[in-house]
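What follows is a set of notes on a single structure, which appears directly below.
The values are calculated or read from the model by the stated rules, or taken from the named source; none is laboratory data. These numbers come from a predicted model, not from an experiment. We place every Cβ from the backbone using ideal geometry, glycine too, and count neighbours over all the protein chains shown. Note: accessible area is taken over every heavy atom of the protein model, side chains too, but ligands, DNA and RNA are not part of it. Shrake-Rupley method; radii C 1.70, N 1.55, O 1.52, S 1.80 Å.
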Amino acid sequence: MLVNKPGSNGREKFILALDVSDTASAVQLANMTKDYVGVFKIGLQLFLKEGKQIVREVAAFGNPIFLDLKLHDIPATVHNAILSLQDLPLAFLTVHTAGGKEMLTAARKAAEQFENPPVLLGVTVMTSIDDKNAVGTGLQGKISEVVMKRVKLIEEAGIEGVVTSGLEVKELRRKFGSKLKYVIPGIRHFDDKQLDQKRTVTPALALQNGADYLVVGRPVSLAEAPGAAARKLLEEINYALN
Ligand code: C5P
């Protein structure tokens, strides 16, 4: 099975979240943005509605596919769930670090069995959570400290990448070095609507702090002209990299 693989220029760092309701809307959004975006991300909304077929439909555009399921369960269940995805052309797949080191290790072992293993990414703490609304979730201490502990689990489990806020990536690179891939959602311009996101940064700051990839959803998908919004973001990413 052919898997579209990511590269390293500005476009390839740009991950677009196809958070739309069905195949027709996803194909339309992919069509408008495919020339500016590196990777297409398929999340829970689209995957649960359309199933595995949506991955194949979007992969036909030629861009690498990121399946964002944030798997979090007992180690055996996550292991077997990942094995169930072996027939899909995945470049990236997410698991949630709250599942612990044993679960992350089980996830890695399952991914290693793929003909073309996806890069596994461990989600640290959702970017929609900040220190204030973390109170009540049972998280102990500051979010930035929780993130550090969870990235340690990622490192120990031998997982390749981290999904976290652009606010933490500089310190993570300092502490864990450059062997991990840093994937940053919660990307917002100062005049963008925050919506439900809390730990946000601008595209330029995320890159300056050491992001390998930026995940952008609604600033593009809800724009009046998604193609133009994606093109502008790509120009901004390229400008920040040069
Ligand atoms: O629309 P917006 O730019 O906020 O979309 C961010 C995307 O990144 C969503 O698809 C969301 O599921 C995903 N994500 C996130 N925070 C994480 C991990 C993934 O926002 N920690």
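Once Rg and the Kirkwood radius are both taken over the C-alpha atoms of segment 141-235, their ratio Rg/Rh works out to 1.01.
Taking every DSSP helix (H) stretch of at least 4 residues in the chain, weighting each as -39,500 (n - 2.57) and dividing the sum by the residue count yields a mean residue ellipticity at 222 nm of -11500 deg cm²/dmol.
Which distance in Å, rounded to a whole number, links the C-alpha centroids of segment 64-114 and segment 166-242? What the calculation gives is 24 Å, centre to centre. Of all lysines in the structure, the ones whose alpha carbon falls short of 24 Å from that of Lys179, not counting any fewer than 8 places away in one chain, are Lys5, Lys13, Lys41, Lys70, Lys101, Lys109, Lys149, Lys152, Lys170. The charge dipole of the chain, taken about its Cα centre with unit charges on the Cβ atoms of Lys, Arg (+1), Asp and Glu (-1) only, comes to about 500 debye.
Of the trypsin sites (Lys or Arg not before Pro) found in segment 115-194, those that fall in a DSSP loop while having at most 14 other beta-carbon atoms within 10 Å are Lys142, Lys179, Lys193.
Loop-resident GluC sites (Glu not before Pro) (DSSP state other than H, G, I, E or B) in segment 149-179 with no more than 10 further Cβ atoms inside 10 Å of their Cβ are absent.
Our estimate of slack between Asn238 and Ala225, defined as 0.36 nm per intervening residue step minus the Cα-Cα distance, is 2.7 nm. Rg and Dmax, both from the Cα atoms of the chain and both in Å, are 16.8, 45. Quick one: with all protein chains in place, what share of the accessible area of the chain is carbon or sulfur, to the nearest percent (1.4 Å probe)? Solvent-exposed carbon and sulfur of the chain make up 52 percent of the total. Bridges between two residues of the chain, per DSSP, are antiparallel at a rate of about 0%. If you plug the beta carbon distance of Lys170 and Ala24 into 1/(1 + (r/R0)^6) with R0 = 35 Å, you get a FRET efficiency near 0.30. What residue among Pro117, Pro64, Pro89 has the largest mean-square fluctuation in a Gaussian network model of the chain, using Cα springs under 10 Å? Of the options given, Pro117 has the highest mean-square fluctuation. Rolling a 1.4 Å probe over the protein heavy atoms gives segment 4-118 an accessible area of 41 Å² per residue.
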